[in-house]
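The structure appears right after this line, and notes come after that.
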């Protein structure tokens, strides 16, 4: 597999995401524990903590902590972005880093909580629908942007994940046009 493939570039970004620190709030008392040589805890009810994403995810699934609402993308956040994107023909700025990775993480967490009987299946289906709407709307705009020649102001609004796709699509379009030859200038 090519080390510069879209898949590998996204995996690198996903790895960066899971090692980011996130804010959580303790919802269940829990003793300290050690993971990979790091001591974490103790977990005191109601106390805020900052821990790595991959550890937070496990503790959320176990009901020990919940994500601080300000540190995680949720369904309402995705719906807000969807509304802004659907009413604007240009790419809008998304404040979230790793929006698609966060969305996938949220889907995996909700699916795990559903399997444990802690949330209804409908919650997963609604979030999945909202995420797919976001992908559909943003992807159409990314494709339009990739076809344009020259730089566009909209490029600055691409997320890290979108930029990987945009650069690949743009490069393929340039290759394709080059292989066709300069059609527009030959016939004037």
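The values are calculated or read from the model by the stated rules, or taken from the named source; none is laboratory data. None of these values were measured; they are calculated from a predicted model. FYI the Cβ positions are ideal-geometry reconstructions off the backbone, even for glycines, and counts take in every protein chain you see.
Name the helices (runs of 4 or more DSSP H) wholly inside segment 45-126 in which the number of residues that are in contact with a strand residue (DSSP E or B) (Cβ under 6 Å, 6 or more places away or on another chain) is 1 or more.
53-61
Quick check: is even one residue across segment 160-177 closer than 16 Å to residue 104 by Cα, at pLDDT below 95 and part of a loop (DSSP other than H, G, I, E, B)?
No.
Find the residue count for segment 125-157, including only residues that are over 22 Å from residue 107 (Cα atoms) and modelled with pLDDT of 90 or more.
11
Of all residues in segment 76-95, which are in contact with a helix residue (DSSP H, G or I) (Cβ under 8 Å, 6 or more places away or on another chain) and over 19 Å from residue 156 (Cα atoms)?
Listed by number, the residues that qualify are 78, 79.
Inspect all residues belonging to segment 96-114 and state whether any of them is exposed (fewer than 13 other Cβ atoms within 10 Å of the Cβ) and modelled with pLDDT under 95.
No, segment 96-114 contains no residue that is exposed (fewer than 13 other Cβ atoms within 10 Å of the Cβ) and modelled with pLDDT under 95.
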